Structure formats: structure tokens, C-alpha cells
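**Student:** This is the structure I have questions about; it appears just below.
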Amino acid sequence: SDSATRLILVRHGETEYTEQRRYSGRGDVPLSARGRAQVRATAERLAQLTPTAAAVVSSPLSRCTATAEAIAEALGDPPVRTRDDLIECDFGAWEGRTFAEVREGWPGELDAWLASTRIAPPDGESFTEVGLRVRRAVGALREAYPGETVVVVSHVSPIKLVLRDALAASDAFLHRLYLDAAGISVLDLWPDGGVAVRSVNDTAHL
């Protein structure tokens, strides 16, 4: 196929951690009531945006799989598949803590982390590492679904890293882009390597 593979990137709906602005990585925090309402609105919006999707591919964490299942239902039940490569960054010792708590407890480590994607939180994973596995996931999706539309349900860090690469942006982009819970971003990937980012953090449905 010489048509683009379209990736519709969806951040999961809100959890209690999202609402409290806590670092939410590998902990399996479920959607909140507000998050479930956001997900229903996102599913309805996607049904308008794309009549069909070849698959809904999700991070294995329940805040994403619940989001993915609602979307699949609205799109006529394409298969829902999970990919470990789409899981959130492992924030290690910072998991479940607010930025203020991290600033107080790990000031030097936080500064180093903010300054370089190669630095990981204590006992966690660097954005460089997340970026490598996210690229692997995108490459696999391009191969598996040439010329088709795929909904990808993931987390803030993986989605930001996909968009950084798609926009050929610097790492500073990661700290400047705001991604809402249940926000939608759309990009097209052509077989010849061409990329078009159609929208970023669309929240008109929320």
C-alpha cells in the first residue's frame, strides 16, 4: 500500500493520580468516575473521526485497557491488543508522588532528570529508554497495519515521545507539550518515511 498508516494516539482518561498531579507510572491506578466519563466522550468522538480502525492497541495497564475497550466498542469492535512497549515510564521512587514532593526529596536528581532524557528517576527508567521502546512499537504498528488506521491508547510520556519524533523536535518539547487526559493526537506515516502530524492534544470532545 502506498497510503499512510494513521495512528490515532489517545491518552487514557483521568485517574485519582491524574487529578492530584502525581507521578503515575507502572502503578495500576484505575480510571476515576470522571475518567470513565471522559473515555465515553472520547469513544463517541473517535466514532465520528474514523469509521473504521484495524485495531486498538493499548498499554497493558488497566487505565489504558479500559479506555481501549470503550473505544473499540464505539468503533464496531476491532480487536484490542496490548503492547508492553506502550507502558508508561517507570518513575521508580517518584511513583505516586507530586512534583512538589519530588522537588523536596530529590532536588538534585530532579534537576538532572529535567535537564537530560538520559537520566532516570531513582530506580526508574529514563526517557531515552522509553523513547527506544516506543519507536519499536511504532515501527511494529507500521509493519502490521500498512495503510490502515490504528488507535493507540497509552500514557503521557510514550505519546509525547512519539510526537517528539514525528515533529523532529528537540527534547525540550517533552516539557513544553501539555497532554490532557483523554486527549487525541493524530499522525500519518507513509511507507517512504513521510510523516504528517494532523492534530495534537485535541480535547474538543471533553
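The values are calculated or read from the model by the stated rules, or taken from the named source; none is laboratory data. Keep in mind that what you see is a predicted model, and the values were worked out from it rather than measured. Here the Cβ positions follow ideal geometry from the backbone for every residue, glycine too, while neighbour counts run over all protein chains shown.
**Student:** Considering only residues that are closer than 22 Å to residue 31 by Cβ, without any contact (Cβ under 8 Å) to a residue 60 or more places away in the chain and in contact with a Leu (Cβ under 6 Å, 6 or more places away or on another chain), which ones fall in the range 150-200?
**Tutor:** 160
**Student:** Sticking with this one: How about the range 104-125: which of its residues are over 19 Å from residue 161 (Cβ atoms), surrounded by fewer than 17 Cβ atoms within 10 Å (Cβ to Cβ) and touching a helix residue (DSSP H, G or I) at 6+ places or on another chain (Cβ under 6 Å)?
**Tutor:** Answer for the range 104-125, where residues must be over 19 Å from residue 161 (Cβ atoms), surrounded by fewer than 17 Cβ atoms within 10 Å (Cβ to Cβ) and touching a helix residue (DSSP H, G or I) at 6+ places or on another chain (Cβ under 6 Å): 122, 123.
**Student:** If you take the residues in the range 19-36 that are touching a strand residue (DSSP E or B) at 6+ places or on another chain (Cβ under 9 Å) and not in a loop (DSSP other than H, G, I, E, B), which one is surrounded by the fewest Cβ atoms within 10 Å (Cβ to Cβ)?
**Tutor:** 22
**Student:** Moving to a separate point now. Restricting the first residue to the range 42-58 and requiring it to be surrounded by 22 or more Cβ atoms within 10 Å (Cβ to Cβ), which pairs with a second residue that is of a type in the set (S, T, N, Q) meet a Cβ separation below 6 Å and a spacing of at least six or different chains?
**Tutor:** Cβ pairs passing all conditions: 53/149; 58/65; 58/82.
**Student:** Got at least one residue in the range 152-165 being touching a Cys at 6+ places or on another chain (Cβ under 6 Å) and surrounded by 20 or more Cβ atoms within 10 Å (Cβ to Cβ)?
**Tutor:** yes
**Student:** For the list (1) in a helix (DSSP H, G or I); (2) among the β-branched types (Val, Ile, Thr); (3) crowded, with 18+ Cβ neighbours inside 10 Å, I need the number of the one condition that residue 128 fails.
**Tutor:** Checking residue 128 against (1) in a helix (DSSP H, G or I); (2) among the β-branched types (Val, Ile, Thr); (3) crowded, with 18+ Cβ neighbours inside 10 Å, the one that fails is (3).
**Student:** Is it true that some residue in the range 133-142 is more than 14 Å from the chain's Cα centre (by Cα), part of a helix (DSSP H, G or I), of a type in the set (A, V, I, L, M) and surrounded by 18 or more Cβ atoms within 10 Å (Cβ to Cβ)?
**Tutor:** There is at least one residue in the range 133-142 that is more than 14 Å from the chain's Cα centre (by Cα), part of a helix (DSSP H, G or I), of a type in the set (A, V, I, L, M) and surrounded by 18 or more Cβ atoms within 10 Å (Cβ to Cβ).
**Student:** Before we move on, is residue 108 on the phi < 0 side of the Ramachandran plot, of a type in the set (Gly, Ala, Ser) and part of a loop (DSSP other than H, G, I, E, B)?
**Tutor:** no
**Student:** Looking for whichever is of a type in the set (Asp, Glu), more than 27 Å from residue 199 (Cβ to Cβ) and at pLDDT 95 or above here; the options are 73, 104, 69, 88. Which one fits?
**Tutor:** Every option except 104 fails the conditions.
**Student:** Would you tally the residues in the range 12-26 being touching a Cys at 6+ places or on another chain (Cβ under 9 Å) and either more than 15 Å from residue 178 (Cα to Cα) or among the basic types (Lys, Arg) (or both)?
**Tutor:** Residues in the range 12-26 being touching a Cys at 6+ places or on another chain (Cβ under 9 Å) and either more than 15 Å from residue 178 (Cα to Cα) or among the basic types (Lys, Arg) (or both): 2 in total.
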